[in-house]
Ligand code: BG6
Ligand code: MG
């Protein structure tokens, strides 16, 4: 393959929003009368809002109808938005901006591929709007990861063949989505959590384009 584009998941790759998702879900669970732990929160990474709610109520042993679920998902999102509205560019994870600049200088296209419907607000708060050649988020896709739709749309918007795209992902469902799209995938986090990734790195601190080329071409 020839690296022509890099597609970045947002939550957990560009910024650590998991802590805000966790707080908002925890408060919702408390209101419903049960405890939601950090370990439980791991199950929600990369998973869509409604699927997250379904997992949450399963943990609490609660059954709800669709209308009640819609209401609770909206309530959780309002709380989550109240946190992310206060975010600033210093919350961009270490090395991300430098790596994006390096890609840009090398003529490699960049995109965001995220399940989150809050992607535009987050990119605005991080002052990263306009940094990417394409943004595909939860507002543009109908099938959640591990379906490849989000990454295939990204490749299409960039006019790059999927086989020449590298995806950066922190969630198992996202790694699967990248592989389903026929793309290379670099995991962000711990190798034991991200089977299928070509390589797992802790983050972008000290990570250069030359490192990426070595991984992809080895
Ligand atoms: C993913 C997060 O990026 O977006 C999930 O990892 C989240 O935790 C999903 O549920 C949907 O996000 P939002 O902002 O549309 O509720
Ligand atoms: Mg993620």
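Worth pointing out:
- Scanning region 162-175 for any residue that is within 16 Å of ligand 2 (Cβ to nearest atom) and without any contact (Cβ under 8 Å) to a residue 60 or more places away in the chain turns up at least one such residue.
- Among the conditions (1) touching a residue at least 12 places away in the same chain (Cβ under 8 Å); (2) more than 15 Å from ligand 1 (Cβ to nearest atom); (3) on the phi > 0 side of the Ramachandran plot, the only one that residue 189 does not satisfy is (2).
- Region 122-138 - residue that is in contact (Cβ under 8 Å) with a residue 12 or more places away in the chain and either away from ligand 2 (no atom under 16 Å from the Cβ) or outside the structural domain of residue 168 (by TED's automatic domain parsing) (or both) and, of those, farthest from residue 21 (Cα to Cα): 133
- Test: residue in region 177-197 that is assigned to a helix (DSSP H, G or I), out of contact with any strand residue (DSSP E or B) (no Cβ under 9 Å at 6 or more places or on another chain) and closer than 22 Å to residue 44 by Cβ: yes
- Within region 39-59, the presence of a residue that is assigned to a loop (DSSP other than H, G, I, E, B), surrounded by fewer than 19 Cβ atoms within 10 Å (Cβ to Cβ) and more than 10 Å from ligand 1 (Cβ to nearest atom) is excluded.
- Within region 34-48, residues that are not assigned by TED's automatic domain parsing to the domain that holds residue 174 sit with their Cβ atoms under 6 Å from residues that are in a loop (DSSP other than H, G, I, E, B), at 6+ positions apart or across chains, in these pairs: 45/171; 46/145; 46/171; 48/115; 48/144.
- One residue stands out in region 1-22 among those that are farther than 18 Å from residue 42 by Cβ and part of a loop (DSSP other than H, G, I, E, B): the one that is farthest from ligand 1 (Cβ to nearest atom), namely 2.
- Of all residues in region 14-30, those satisfying the criterion of being over 26 Å from residue 201 (Cα atoms) and touching a residue at least 40 places away in the same chain (Cβ under 8 Å) are 23, 24, 25, 27, 28.
- Residue check, residue 95 at positive phi and away from ligand 1 (no atom under 12 Å from the Cβ): yes
- Tally of residues being surrounded by fewer than 20 Cβ atoms within 10 Å (Cβ to Cβ) and within 15 Å of ligand 2 (Cβ to nearest atom) across region 110-121: 1
The values are calculated or read from the model by the stated rules, or taken from the named source; none is laboratory data. Fair warning: this is a prediction, and the values are worked out from it, not measured in the lab. Positions of Cβ are generated from backbone atoms using ideal geometry, with glycine treated the same way; all protein chains shown enter the neighbour counts.
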